[in-house]
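Accompanying notes for the structure given below.
The values are calculated or read from the model by the stated rules, or taken from the named source; none is laboratory data. Note that the structure is a prediction, hence the values are computed from the model and not measured. All Cβ positions, even for glycine, are placed from backbone atoms using ideal geometry, and neighbour counts span all protein chains on display.
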Amino acid sequence: MRIAFYAPMKSPTHRVPSGDRAVARLLIRALKQQGHDVFLASTLRAYDGTGDHRRQLKLAKRGAARAQSLIAEWRDAQPDLWFTYHLYHKAPDYLGPRIADAFGVPYLVAEPSVAMKQQNGPWSLGFAVAAAALRRADGLFTMTPEDEAGLADIQIDPDRCHRLPPFLDIRPFALQRHKAARRELGRRYGLDPRKTWLLTVAMMRPGDKLASYRRLAAAVDRLPGDHWSLLIVGDGPCRAEVETLFAGRAMFVGALPERSLPLHHAAADIFVWPAVNEAYGMALLSAQAAGVPVVAGRERGVPEVVSDGETGILTTPGDDVAFADAVTGLLADPERRASMASKAAATVRRHHSLESAGTILSRVIDKVSRS
């Protein structure tokens, strides 16, 4: 099937790394693995982060013009299906519904998000456009219960909703071995192999990411002893502030290419991240794919990727004492860490792989295409 793929929030070709870009790329890979011919329909970014009504009007006008241009361009080579990833009030889909209607093809949406408080706020236009697109969709892939609750708020038929657990390509992580990875990073960064290694992988930007770093720094302040080391992978405009927060209690290695991340995950003993306002957290999933237990905040969709008490420990959001206590407990209990590590890798392999996601995607595509 020839599938037109679009991500109004951030194109999979965008130069800045992020969870959105990573998931968009994974969706394309999962669809291609199932034998579909997937192409990027447009790189038009429909994102308005400030609630500027005039900007939203301009984006709507630009989107309508782009949709008409694509309809004319594709008259003799129309897609069989339109697939939009991450549609919500700040990044509505001005293209998909128009084009799907013009060609009479199914319209699917992955990770739909609805925030009713925005219905009459500064993003009211974006909310209305997004809600109309979601009501038009032939199928919606929800990644968390929060997605499903939002769709229920705008009276979306549950029969059109299909749970797609967050997923990733587990193969690069499965190929790594903990001891070998520790030897490599020990040589590379001069880390003491006798210590327990904590790892954080996250961008350093304003907002929720910086808030998470602040929470993490407050928790690290409470960790006892010096038998642990914290390695932080990431970069961004707030790096100087983040480094100040940790005041020499962490090693910063900057941003790394995606191919290097499995090695760093595999070398770690515990992945730590408060996950302030995280939709679910791809880094948390990556850590577990490498067999690393997680300590994270019980935020939004995080419980969908971290099984509390089984593959990691989830603490009350904003409770730095509880977070530090959870890390301290795992530092002192290598047997529990090993048990969680084994369960984490098995859980991701069973429920969060590229292959399992592709099976769900194709099943729904077959269904909507027949109907």
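So ASP308 clears everything in (1) within 26 Å of ALA267 (Cβ to Cβ); (2) surrounded by fewer than 17 Cβ atoms within 10 Å (Cβ to Cβ); (3) out of contact with any strand residue (DSSP E or B) (no Cβ under 7 Å at 6 or more places or on another chain); (4) at pLDDT 95 or above except one condition, right? Which one?
Result: ASP308 fails condition (3) only.
Out of segment 149-164, which residues are under 17 Å from the mean Cα position of the chain (by Cα) and surrounded by fewer than 19 Cβ atoms within 10 Å (Cβ to Cβ)? Outline the logic, then answer.
Residues of segment 149-164 that are under 17 Å from the mean Cα position of the chain (by Cα), as a first pass: 163-164.
Scanning segment 149-164 gives a single hit, ARG163.
Conditions: (1) in contact with a Lys or Arg (Cβ under 9 Å, 6 or more places away or on another chain); (2) polar (S, T, N, Q); (3) modelled with pLDDT of 95 or more. SER18 meets all but one. Number of the miss?
Evaluating SER18 over (1) in contact with a Lys or Arg (Cβ under 9 Å, 6 or more places away or on another chain); (2) polar (S, T, N, Q); (3) modelled with pLDDT of 95 or more leaves (3) as the failure.
What number of residues within segment 286-305 are in contact (Cβ under 8 Å) with a residue 60 or more places away in the chain and surrounded by fewer than 23 Cβ atoms within 10 Å (Cβ to Cβ)?
3
Filter segment 91-120 for residues that are closer than 19 Å to ARG55 by Cβ and under 17 Å from the mean Cα position of the chain (by Cα) and give the result.
Residue satisfying the conditions is ALA91 alone.
Could you list, in sequence order, the residues of segment 131-172 that are in contact (Cβ under 8 Å) with a residue 60 or more places away in the chain and over 26 Å from LEU285 (Cβ atoms)?
Result: ASP138, single match.
When residues of segment 224-279 are filtered for being within 23 Å of the chain's Cα centre (by Cα), free of Cβ contacts under 8 Å to residues at least 12 places away in the same chain and in a loop (DSSP other than H, G, I, E, B), how many remain?
Number satisfying all stated conditions: 1.
Based on what the data block shows, is TYR107 in contact with an Asp or Glu (Cβ under 6 Å, 6 or more places away or on another chain) and over 30 Å from ILE270 (Cα atoms)?
Spelling it out, TYR107 is indeed in contact with an Asp or Glu (Cβ under 6 Å, 6 or more places away or on another chain) and over 30 Å from ILE270 (Cα atoms).
Scan LEU164, LEU230, LEU245, LEU140 and give me the residue that is over 22 Å from VAL295 (Cβ atoms), at pLDDT 95 or above and either touching a Lys or Arg at 6+ places or on another chain (Cβ under 9 Å) or among the hydroxyl-bearing types (Ser, Thr, Tyr) (or both).
Being over 22 Å from VAL295 (Cβ atoms), at pLDDT 95 or above and either touching a Lys or Arg at 6+ places or on another chain (Cβ under 9 Å) or among the hydroxyl-bearing types (Ser, Thr, Tyr) (or both) holds for just one of LEU164, LEU230, LEU245, LEU140, which is LEU140.
In segment 6-24, which residues are outside any helix (DSSP H, G or I) and among the charged types (D, E, K, R)?
The answer is LYS10, ARG15.
Taking the conditions exactly as written (within 18 Å of the chain's Cα centre (by Cα), in a loop (DSSP other than H, G, I, E, B), surrounded by 14 or more Cβ atoms within 10 Å (Cβ to Cβ) and touching a residue at least 12 places away in the same chain (Cβ under 8 Å)), does VAL348 satisfy them or not?
Criteria not met by VAL348.
Go through segment 183-223 residue by residue and tally those that are under 17 Å from PRO262 (Cβ atoms), in contact with a Leu (Cβ under 8 Å, 6 or more places away or on another chain) and in a helix (DSSP H, G or I).
3
Can you tell me which of (1) in a helix (DSSP H, G or I); (2) farther than 30 Å from PHE83 by Cα is the one PRO317 doesn't meet?
For PRO317, the exception is condition (1).
So, of the residues in segment 12-40 that are charged (D, E, K, R) and under 17 Å from LYS209 (Cβ atoms), which turns out to be surrounded by the most Cβ atoms within 10 Å (Cβ to Cβ)?
Looking only at segment 12-40, we keep the residues that are charged (D, E, K, R), and these are 15, 20-21, 25, 29, 32, 37.
With the extra rule that they be under 17 Å from LYS209 (Cβ atoms), the set shrinks to 20-21.
Values: ASP20: 22, ARG21: 18.
Filtering first and then ranking leaves ASP20.
Among the residues of segment 303-310, are any of a type outside the set (Val, Ile, Thr) and under 16 Å from the mean Cα position of the chain (by Cα)?
Yes, that holds for at least one residue.
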